[in-house]
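These notes are about the structure you will find just below.
The values are calculated or read from the model by the stated rules, or taken from the named source; none is laboratory data. Bear in mind the structure is a predicted one, so any value in this text is a computation, not a measurement. Because the Cβ atoms are built from the backbone with ideal geometry, glycine has one as well, and the counts that use them run over all protein chains shown. Side chains are part of the model used for accessible areas, which takes the heavy atoms of the whole protein and leaves out ligands, DNA and RNA. Shrake-Rupley method; radii C 1.70, N 1.55, O 1.52, S 1.80 Å.
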Amino acid sequence: MTTPTASFAGRDVFRIGYGAAQLARLHDRRGEAVALLRRAVELGVDHVDTAEFYGFGFANDVIRETLRPEDGVLVVTKVGADPNPGGRLPLRPAQRPEQLRASVEDNLRSLGVDRLEVVNLRRLDTGPGLRPEGDQVVGLDDQLATMAALRDAGKIGAIGLSSVPLDGLRRALPAGIACVQNAYSLASRDDEDMLELCAAEDIAWVPFFPLGGGFPGLPKATEEPAVLAAAESLGVTPSQVGLAWLLHHAPNVLLIPGTADAAHLEANMAVGEITFDAATLATLDAVESRSNEVPIG
C-alpha cells in the first residue's frame, strides 16, 4: 500500500484527486456533471484541479454549484492561458502580468470565492503544448512578482508552477512554490531531477497527462508491454497500472485524473489499493522513458 495522503499547500490531502477538464464533456448534461463531482467527493476526493478555460467556464460553474465549505475540498486553479472559443485549440496564451491578474479575477468570479487557495502559473517552457511568441514571451521573474503581489493582496493562497524546466523551478523556490504540474508518466520521465527536488522541498508533484497520450505523438504508458503484463497479472486495467506506478514512484506525487464517467471515476479512485511486488515494480521502472516535447498549435 502507498501512503494515502500527502502534503499539499500546507495541508494533507488524499493522493488521488480529480481533474475537472473532462467535465466539459457533460456541458449539455449539467445534472450529470454535478452528480459526478459529488460522487468524487463521496469517494474521498479532497482536491480538484480546474481552470477558467476548462469548458469556457463550465467546469468552474459546476464546482461552484457542487462543492460546499463542509466538503473541505482544496480547489486548485491556473492562469497563463485564456479560453479561445472557435480556435484550432480551445485556449490561447495569456502570459503577461495584466493577463495573469485578469485570469485570477475571472476564476474568483466563476468559482464564487474571495480567495483562490492554490493558483498554478502555467508557463509555456516545456512539455507538449503551445510555445510563447511575440508579447507572450514574458520573464518568469516578472510573472512571479505578479503572483506574489496577488498572494500578498489575499487574492490567492499559494503559488504553483506548470510546464516549467528545472532551472525555472530553482529560480522560483524563494517565492514559495506549493506544487508543480508538468507532463509526466511512466513512459515519459524527463523531469526525474525536478521530481526529486520537489520531494526534497515538500512540493507536491501533480503530473498532467499521467498516462501519456493526450496529444498525437506522445508516448502512452498504457501501450507498454510491461504495463499490459502487470495489468493482466493483477486483474486491473493498464490505465490503473500506470496511475498506481506514479503513486508508488515518489511519496509527493498527487494524481488528478479526469473523467466524465462514474465507473471510470471509481476505477481511478481504486488505484490507491493496487500493490506491486518487487519484480513487477522493477519491470515497470525499467520501461524506457521517451520525450514528451511535442509542439502543439
Neighbours by Cβ (under 7 Å, 6+ apart or cross-chain): first from region 187-211, more than 16 Å from T126 (Cα to Cα); second assigned to a strand (DSSP E or B) and among the basic types (K, R): A187/K220; L211/K220
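Select from region 211-267 the residues that are part of a strand (DSSP E or B) and either at pLDDT 95 or above or basic (K, R) (or both) and write down the one among them that is most open to solvent (accessible area, probe 1.4 Å).
Within region 211-267, the subset part of a strand (DSSP E or B) is 212, 220, 253, 255.
Next, only the ones that are either at pLDDT 95 or above or basic (K, R) (or both) stay: 220, 253, 255.
Numbers: K220: 87, V253: 1, L255: 2 Å².
Per the criteria, the residue is K220.
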Unique match (being within 26 Å of I274 (Cα to Cα), open to solvent by less than 30 Å² (accessible area, probe 1.4 Å) and not in a helix (DSSP H, G or I)) among V41, V45: V45
Residue within region 150-161 that is more than 30 Å from V34 (Cα to Cα), part of a loop (DSSP other than H, G, I, E, B) and open to solvent by less than 40 Å² (accessible area, probe 1.4 Å) present: no
Hey, D141 of a type in the set (D, E, K, R), within 22 Å of P174 (Cα to Cα) and open to solvent by 50 Å² or more (accessible area, probe 1.4 Å) or not: yes
Where A267 falls short, out of the listed (1) over 26 Å from D12 (Cβ atoms); (2) without any contact (Cβ under 8 Å) to a residue 40 or more places away in the chain; (3) of a type outside the set (S, T, N, Q): (1)
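Considering only residues that are assigned to a loop (DSSP other than H, G, I, E, B), among the hydrophobic types (A, V, I, L, M, F, W, C) and either open to solvent by less than 30 Å² (accessible area, probe 1.4 Å) or modelled with pLDDT under 95 (or both), which ones fall in region 74-132?
Restricting attention to region 74-132, the residues satisfying the condition of being assigned to a loop (DSSP other than H, G, I, E, B) are 80, 84-90, 94-96, 112-115, 123-128, 130-132.
Subsequent filtering for residues that are among the hydrophobic types (A, V, I, L, M, F, W, C) retains 89, 94, 113, 124, 130.
Within region 74-132, L89, A94, L124, L130 qualify.
Examine region 60-72 for a residue that is in contact with a His (Cβ under 6 Å, 6 or more places away or on another chain), open to solvent by less than 10 Å² (accessible area, probe 1.4 Å) and at pLDDT 90 or above, and state whether such a residue exists. Before the answer, list the steps.
If we filter region 60-72 for residues that are in contact with a His (Cβ under 6 Å, 6 or more places away or on another chain), which is where we start, we get none.
No, region 60-72 has no match at all.
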Every residue from region 31-90 that is polar (S, T, N, Q), under 19 Å from the mean Cα position of the chain (by Cα) and closer than 21 Å to D261 by Cβ: T50, N60
Filter result for A178 (crowded, with 17+ Cβ neighbours inside 10 Å and closer than 25 Å to L284 by Cα): no
Among (1) loosely packed, with under 15 Cβ neighbours inside 10 Å; (2) part of a helix (DSSP H, G or I) - the single one V34 does not satisfy: (1)
Enumeration of residues in region 1-31 that are in contact (Cβ under 8 Å) with a residue 12 or more places away in the chain, more than 27 Å from T275 (Cα to Cα) and open to solvent by 50 Å² or more (accessible area, probe 1.4 Å): G10, Q22, R25, H27, R30
Those residues of region 280-297 which are modelled with pLDDT under 90 and open to solvent by less than 40 Å² (accessible area, probe 1.4 Å), in sequence order: N292, V294, I296
